[in-house]
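The values are calculated or read from the model by the stated rules, or taken from the named source; none is laboratory data. Just so you know, these numbers come straight off a predicted model, no measurement behind them. Backbone-built Cβ (ideal geometry, glycine too); neighbour counts: all protein chains shown.
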Amino acid sequence: MGVRQWIGSWPVYRQFTGDDPLGRGAAAKSAGSERLKARVSTADQVVKSICPYCAVGCGQNVYVKDKKVVQIEGDPDSPVSRGRLCPKGSASLQLTTGSAREQYVLYRRPHGTEWERLDLGTAMDMIADRVIAARRHGWQWNVEGENGDARVRRTLGFAHLGGATLDNEENYLIKKLFTALGAVQIENQARI
């Protein structure tokens, strides 16, 4: 390669001598960047979605190939976020494909040191049994107060702490369910 050809391969030289004075197009390309393909270029379809991390509701484009999520990016058509995502939203691909994502129910017995895998049906039965036992053991019909007994119909035997990935509708239903079960300690991570 001659000196003239070598200098001609420099992006800065191409920027000042070519049709790309701002260096945002052909001047910035190299042989290596010519071979690169965007992860989204191989997607079979793009599904519009909403980021699950908080109550803002930023729009997301979810790129799917062979029924698997390959990339998640901000939706430029979203009036809420206009294509932008915060660091948590940008990392939401890990919710579906991350190697650290648990895909099984794990349970550690009381005083145990190891986690064991349970099937979902067994775990749901254990939760139901414990809710019933907590209600039976800790149910309060009345509480003595300054003005006599006050009817409370509650239990302090269990509580609920919701996560930031729950939307308004899910939080509404959870609040109704736990109130009907008699719980009074119902909170959400977003308020803590």
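Among the residues of the range 141-151, which ones are surrounded by 10 or more Cβ atoms within 10 Å (Cβ to Cβ) and either in contact with a Lys or Arg (Cβ under 6 Å, 6 or more places away or on another chain) or at pLDDT 90 or above (or both)? Give the derivation first.
Filtering the range 141-151 down to residues surrounded by 10 or more Cβ atoms within 10 Å (Cβ to Cβ) leaves 142-143, 149-150.
Passing the criteria: only Asn142.
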In this structure, does Val105 turn out to be without any contact (Cβ under 8 Å) to a residue 60 or more places away in the chain and in contact with a Leu (Cβ under 6 Å, 6 or more places away or on another chain)?
yes
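Please tell me if Gly25 is in the same structural domain as Tyr13 (by TED's automatic domain parsing) and either modelled with pLDDT under 95 or more than 24 Å from Gly163 (Cα to Cα) (or both).
Working: in the same structural domain as Tyr13 (by TED's automatic domain parsing): yes; either modelled with pLDDT under 95 or more than 24 Å from Gly163 (Cα to Cα) (or both): yes.
In short, yes.
Would you tally the residues in the range 19-35 being part of a loop (DSSP other than H, G, I, E, B) and surrounded by 10 or more Cβ atoms within 10 Å (Cβ to Cβ)? Spell out the reasoning first.
Of the range 19-35, the ones part of a loop (DSSP other than H, G, I, E, B) are 19-25, 29-30.
Filter once more, keeping what is surrounded by 10 or more Cβ atoms within 10 Å (Cβ to Cβ): 20-21, 23, 25, 29-30.
Of the residues in that region, 6 qualify.
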Only one of these conditions is not met by Phe16: (1) without any contact (Cβ under 8 Å) to a residue 12 or more places away in the chain; (2) assigned to a strand (DSSP E or B); (3) aromatic (Phe, Trp, Tyr). Which number is it?
(2)
Ser41: passes all of (1) in a loop (DSSP other than H, G, I, E, B); (2) of a type in the set (Ser, Thr, Tyr); (3) loosely packed, with under 15 Cβ neighbours inside 10 Å but (1)
Does the range 70-100 hold any residues that are part of a loop (DSSP other than H, G, I, E, B) and aliphatic (A, V, I, L, M), and which are they?
Val80, Leu85, Ala91, Ala100
Could you grab me the full set of residues in the range 46-68 that are touching a helix residue (DSSP H, G or I) at 6+ places or on another chain (Cβ under 6 Å), at pLDDT 90 or above and surrounded by 17 or more Cβ atoms within 10 Å (Cβ to Cβ)?
Cys58, Tyr63
Return a yes/no flag: does the range 87-96 have any residue that is surrounded by 14 or more Cβ atoms within 10 Å (Cβ to Cβ) and modelled with pLDDT under 85.
yes
In the range 93-141, which residues are acidic (Asp, Glu) and under 24 Å from Gln185 (Cα atoms)?
Asp125, Asp129
